[in-house]
Amino acid sequence: MCTDPRRFSIWSSALLLCAAGNLQAAPEIQTWQAASGARVLFVASPELPMVDVNLVFDAGSARDGERSGLASMTADMLTQGAGDWDADAIAVRIEDVGAKLGASADRDKTSVSLRTLTRQPAMDTAVETLATLVSAPTFADADLERERRNRLIALRQDEESPRTVGQKALYRKIFGSHPYAADPSGTAETVTAITREDLVDFHRRHYTGANALVAIVGALDRPQAEALADRITAGLPKGERLAPLPGVADLDVAVTEQITFPSSQTTVVAGQPGMRRGDPDYFTLYVGNHILGGSGLVSLLMEEIREKRGLSYSTYSYFLPLAQPGPFLMGLQTKNDQADQAREVMLDTLRRFIASGPSEAELTAAKKNITGGFPLRIASNSDIVGYLAVIGFYDLPLDYLDRFTDRIEAVTAEQIKDAFSRRLDPDRLAIVVVGGSTEQTAGVGGEG
């Protein structure tokens, strides 16, 4: 929300200075429980007069129920009106003090973020705005209708992207009846059906102290951070912590869906349930996937598909760990007449990697790449507060950042081969193919 170019320059300079300071070592994390019942994680960063806050609720789209898109719409509407302020008034309050404010929801959680200077009255104004947004959103009917129109437009635009069409279909194939199957944005039908009462009820049940995590990084001491966390969450009802999401079932058999799409290119995506946050195999699978398809031009998939055969400009694979096992995904885009060949090369590369694992040279290069780049991933306050939110929400060890590079270095080639053979089965992949026609109207074909 900050649009003043002079303020942007100030923030950019501040972040560069903060990055230089934070490159030295992993930060010390302090934790406690706020009066509201929210868990708090805090890192003191006194170099610059600024603070980053990430307020996280167990309120992701997996909690939508039959109204898919509800969590995301609730999050998006927080900044449309709260207390006595409409969207314009909220924007003015934030911009006048040079702060940044945002809210979004994914499958597991809703995150509301704030960055502000610690000088007064800027910080008081920004914090008051954040606290009011999460405790007293208005969900006005006119705002809801505007949000609904915008979302329906976005959903129609999604239908014009073969990669988005394929990704949504793939999640449905991988997760079946599990809440992760539904796209966080919802569908035209569910978005049309969502009412103000749905938003109010979702907010009441999920935006509670017991259901919240506060991550703070900035130029505060411990008492100041405690006061900040209490102020942010003071207006929330204490509530009760939600029950965990249901487990994710493995796929029993391979399943393929062909979606005819008017394009000269075919998009191929494949996947199956992968791993959860805090998984015992996390670091092993992370390093292994970096070699397989997570390291850009030097990955095995890129070598086989792009460099050797010229079948695709880009190809990838990755794990997306969630509270319950999230997906392992891989994909590419290629010419229609090369789709079958490209798909087989992608799957054969996965099969060979599972059967043989990486070479020692590949493993050494991957470790060097990951550990060498890690300091840049915790180089700014916003980077660190993002990690704090993940550590706190998924209940990861507080020494996660301290031990990250050690855990990477400890991974062996044999461990990678073992973990991939246990966790992935190429004969039980869900595969979605989008494309195949430059003339036909897009539509769903058969599945097998």
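The numbers here are math on the coordinates, done by the rules we state, and not lab data. Please read these numbers as outputs of a predicted model, since none were measured by experiment. Please note: Cβ atoms are built from the backbone with ideal geometry, for glycine as well, and neighbour counts cover all protein chains shown.
Assorted remarks:
- Radius, Kirkwood style, for segment 255-447 when every pair of distinct Cα atoms is counted (Å): 17.9
- Cα-based reach from residue 173 at 23 Å (exclusive), listing lysines while leaving out same-chain residues under 8 positions away: 109
- Choice from 372, 331, 288 showing the highest fluctuation, given a GNM over the chain with Cα pairs closer than 10 Å: 372
- For the chain, the longest principal axis of the alpha carbon atoms and the long axis of helix 196-206 meet at an angle near 90°.
- Kirkwood hydrodynamic radius (C-alpha pairs) into Stokes-Einstein, segment 82-150, 20 °C and 1.002 mPa s, D in µm²/s: 165
- The tail of the calculated P(r) for segment 42-137 beyond 21 Å holds 36 percent of all Cα-Cα pairs.
- Farthest toward positive dipole pole in the chain [+1 Lys/Arg, -1 Asp/Glu at C-beta], among 270, 404, 243: 404
- In the chain, helices alone account for a calculated mean residue ellipticity at 222 nm of -13500 deg cm²/dmol, with every DSSP H run of four or more residues adding -39,500 (n - 2.57).
- Top of 290, 178, 206 by mean-square fluctuation, Gaussian network on the chain, Cα under 10 Å: 178
- Using only alpha carbons, segment 121-187 has a radius of gyration to Kirkwood radius ratio (Rg to Rh) of 1.17.
- Once divided by 2.2 N^0.38 Å, the Cα radius of gyration of segment 5-233 becomes 1.09.
- When DSSP beta bridges are restricted to pairs lying wholly in segment 255-447, around 70% turn out antiparallel.
- Taking 0.36 nm per residue of separation and subtracting the Cα-Cα distance, full extension of the segment from residue 307 to residue 119 would add 62.3 nm.
- 10 °C / 1.306 mPa s Stokes-Einstein diffusion coefficient of segment 293-341, Kirkwood radius on C-alpha pairs, µm²/s: 136
- Taking one quarter of the surface of the C-alpha convex hull of segment 235-320 gives a mean projected area of 10.6 nm².
- Acute angle (nearest 10 degrees) that the helix 87-96 long axis makes with the longest principal axis of the chain, alpha-carbon atoms: 80
- R0 of 25 Å, Cβ-Cβ distance residue 361-residue 421: FRET efficiency to nearest 0.05: 0.75
- GNM result for the chain, Cα springs below 10 Å: residue of 124, 230, 337 fluctuating most strongly: 337
- Helix 400-409 and the longest principal axis of the C-alpha atoms of the chain enclose an angle of approximately 20°.
- If both residues of a DSSP beta bridge must be in the chain, then about 75% of such bridges are antiparallel.
- The lysines whose alpha-carbon is closer than 29 Å to the alpha-carbon of residue 367, local same-chain residues fewer than 8 away aside, are 308, 417.
- Whole-Å semi-axes of the ellipsoid equivalent to the chain (Cα gyration tensor, √5λ, descending): 38, 28, 20
- If R0 is 30 Å, the Cβ-Cβ spacing of residue 234 and residue 154 corresponds to a FRET efficiency of close to 0.30.
- Here the calculated FRET efficiency for residue 252 and residue 201, from their Cβ-Cβ distance with R0 = 35 Å, stands at 0.45, rounded to the nearest 0.05.
- When the Cα positions of 50, 171, 126 are compared along the charge dipole of segment 5-233, 171 comes out farthest toward the positive end, with charges on each C-beta of Lys, Arg, Asp and Glu.
- Over segment 95-211, the fraction of Cα-Cα pairs per 5 Å bin, rounded to whole percents and listed from the shortest bin up, is 2, 9, 14, 18, 18, 15, 12, 7, 4, 1, 0.
- Computed from point charges on the beta carbon alone (+1 for Lys and Arg, -1 for Asp and Glu), the dipole magnitude for segment 210-288 about its Cα centre is near 300 Debye.
- Cut-off under 5 Å, modelled amide H: who pairs with residue 186 long-range: 69
- Rounded to the nearest whole Hz, the Karplus-based 3J(HN,Hα) values (6.51 cos²θ - 1.76 cosθ + 1.60, θ = phi - 60°) of segment 249-260 follow the sequence 7, 5, 6, 7, 9, 5, 9, 10, 10, 9, 10, 6, with x at glycine and proline.
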